[in-house]
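The values are calculated or read from the model by the stated rules, or taken from the named source; none is laboratory data. Note that this is a predicted model, so its numbers are computed, not measured. Heads up, the Cβs are rebuilt from the backbone with ideal geometry, glycines too, and the neighbour counts pull from every protein chain shown.
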Amino acid sequence: MAIAELKKGDVKDIGLADAGKRKIEWAGNQMPVLESIRKRFIKEQPLKGLRLSACLHVTSETANLAITLRDGGADVVVCGSNPLSTQDEVAASLVKDYSIPTYAIKGEDNATYYSHIAAALDHKPQITMDDGADLVTTLLTKRTDLLSGVIGGTEETTTGVIRLRAMAKDGTLKFPVIAVNDALTKHFFDNRYGTGQSTLDGVIRATNLLLAGLKLVVAGYGWCGRGVAMRAKGHGADVIVTEIDPTKAIEAVMDGFRVMPMNEASKIGDIFVTVTGNKAVLAHEHFERMKDGAVISNSGHFNVEIDIPALEKLSSGHKEARPFVEEYTMKDGRRIYLLGEGRLINLAAAEGHPASVMDMSFANQALAAEYMVKNAKELKAQVYSVPEHLDKQIAKLKLDSMNVLIDKLTPEQEKYLASWDEGT
Ligand SMILES: NC(=O)c1ccc[n+]([C@@H]2O[C@H](COP(=O)([O-])OP(=O)(O)OC[C@H]3O[C@@H](n4cnc5c(N)ncnc54)[C@H](O)[C@@H]3O)[C@@H](O)[C@H]2O)c1
């Protein structure tokens, strides 16, 4: 690839840029916290001259983050963090209207997906920004020549943080990474309310099913699972939860859900949503038990939660029933509908998280990148949390943008809370 070509990126159709720009601006209207950071970044240029490669879902919200980083002085390139999550019009606009080279095409095959990651690494990043740790994993395994130039990175999601912690533990990780996911202003809201709403949005857009009265099985009652279950209950679904963690299972019971093993749930569920970050949560033995017409979907990071090869083995064939809905006919005649190829359904069939929640997630990304640049020298090749003061600052900015006021501790209250002898 020639340099000029390389710098523009690789998008589906540059002619889609106008629609993408409107989408980016619309999302920007719901992202006041990120906008306030962008305004400060323009003045202070905290990322001046730094090469930054961001491997994120290429959505209108991500575009606003990329613009903020660029306005903070960074030389930014973007690639997709999932083959099915790219909004092609947004990718086109990033290239055409914002001069941010972007490598992402919705529906790209695996080879193209990894070639896009390779192109983002050809940018020789000093800062990496990941969603699922594919960029860092590729860098650490295939592009070790770049390691000496890397200052540090940030990671957006639970699964990425788990991978990075495993790398740090066995010494594979070679630079510090900030776990944006672990910020309270990220997972309390993004994972719960963002994934909760947008996952059901994806299921509904793909199938047009009425959730009321259906049995909806949520596998995993972590931050995302709680959100999916809560929102499905609001739609009138009969929600069933499966878990492997006893504490989470009690929580689900006390939140009013039925909890049972997947072997039982698979017999009665109408719709299944996996959000565990684990593999083969829906597997051979579950497909064998499912009812005719069962709908299966995933909102966890990787497309391994549903064992698709096992589904294929059990079926006599499959065909597209409608966009993002693949009908598998079992050898006994039952039909099972797989949504979005088992990839994150909220990004495959809908638009991912709403902008107002990504406002806080991406404010964390922007401030984490700034923090990394300022503090990298003191940090080791470990996974770090977002400092509490930044987390609180984001919460405060979000409240301000919503015109919500809260109380302040009085001096007496501060003293009372700080002392051990005033407990009576
Ligand atoms: N769709 C999205 O846009 C989106 C957004 C944020 C996070 N994620 C991804 O969603 C996944 C879950 O994230 P989270 O923040 O909820 O994680 P979490 O750690 O809070 O929750 C995961 C839960 O799954 C449970 N679990 C693990 N294996 C299981 C199994 N076999 N059966 C049933 N339950 C099982 C765990 O006990 C845990 O309670 C991750 O892969 C994360 O990266 C997706």
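Considering the conditions (1) closer than 23 Å to Leu69 by Cβ; (2) in a helix (DSSP H, G or I), Thr112 is excluded by exactly one of them, (1). The set of residues in segment 49-107 being among the basic types (Lys, Arg) and more than 20 Å from Leu367 (Cβ to Cβ) consists of Lys96, Lys106. The residue of segment 55-66 that is nearest to Met31 (Cα to Cα), among those that are away from the ligand (no atom under 16 Å from the Cβ) and in contact (Cβ under 8 Å) with a residue 40 or more places away in the chain, is Asn64. Could you list all residues from segment 121-161 that are in a helix (DSSP H, G or I), crowded, with 24+ Cβ neighbours inside 10 Å and more than 16 Å from the ligand (Cβ to nearest atom)? Within segment 121-161, Leu139 is the sole residue that qualifies. Scanning segment 301-320 for residues that are among the polar types (S, T, N, Q) and within 16 Å of the ligand (Cβ to nearest atom) returns a single hit, Asn303.
The set of residues in segment 351-393 that are surrounded by fewer than 22 Cβ atoms within 10 Å (Cβ to Cβ), of a type in the set (Gly, Ala, Ser) and modelled with pLDDT under 95 contains only Ala376. May I ask you to list pairs of residues, at least six apart or on different chains, whose Cβ atoms are under 6 Å apart, with the first in segment 215-226 being in contact (Cβ under 8 Å) with a residue 24 or more places away in the chain and the second being in a loop (DSSP other than H, G, I, E, B) and more than 8 Å from the ligand (Cβ to nearest atom)? Sorted first by the residue in segment 215-226, then by its partner, the pairs are Lys215/Gly269; Lys215/Asp270; Leu216/Ala237; Val217/Gly269. Scanning segment 5-46 for residues that are under 22 Å from Glu108 (Cβ atoms), touching a residue at least 24 places away in the same chain (Cβ under 8 Å) and surrounded by fewer than 13 Cβ atoms within 10 Å (Cβ to Cβ) gives Asp13, Gly15.
Restricting Ala249, Ala166 to those that are of a type in the set (Gly, Ala, Ser), touching an Asp or Glu at 6+ places or on another chain (Cβ under 6 Å) and more than 20 Å from Gly342 (Cβ to Cβ) reduces the list to Ala249.
Anything in segment 206-221 that is more than 15 Å from Arg258 (Cα to Cα), surrounded by 19 or more Cβ atoms within 10 Å (Cβ to Cβ) and not hydroxyl-bearing (Ser, Thr, Tyr)? List them, or say none. Residues satisfying the conditions are Ala206, Leu211. The requirement of being more than 22 Å from Asn278 (Cα to Cα) and touching a helix residue (DSSP H, G or I) at 6+ places or on another chain (Cβ under 9 Å) is not satisfied by Gly171.
To keep it simple, each residue is scored yes or no on (1) under 29 Å from the mean Cα position of the chain (by Cα); (2) over 23 Å from Val58 (Cα atoms); (3) surrounded by fewer than 19 Cβ atoms within 10 Å (Cβ to Cβ).
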position: Ala280; (1), (2), (3): yes, yes, yes
position: Ala283; (1), (2), (3): yes, yes, yes
position: Asn298; (1), (2), (3): yes, no, no
position: Val304; (1), (2), (3): yes, no, yes
position: Lys313; (1), (2), (3): no, yes, yes
position: Gly317; (1), (2), (3): no, yes, yes
position: Tyr328; (1), (2), (3): yes, yes, no
position: Arg335; (1), (2), (3): no, yes, yes
position: Ile345; (1), (2), (3): yes, no, no
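When the residues of segment 376-422 are filtered to those that are part of a helix (DSSP H, G or I) and among the hydroxyl-bearing types (Ser, Thr, Tyr), which remaining residue is farthest from Thr128 (Cα to Cα)? Checked segment 376-422; the qualifying residue farthest from Thr128 (Cα to Cα) is Tyr416. Picking from residues in segment 321-353 that are out of contact with any strand residue (DSSP E or B) (no Cβ under 7 Å at 6 or more places or on another chain) and of a type in the set (Gly, Ala, Ser), the one that is farthest from the ligand (Cβ to nearest atom) is Gly333. Within segment 241-268, residues that are loosely packed, with under 15 Cβ neighbours inside 10 Å sit with their Cβ atoms under 7 Å from residues that are not in a helix (DSSP H, G or I), at 6+ positions apart or across chains, in these pairs: Val253/Val259; Pro261/Thr242.
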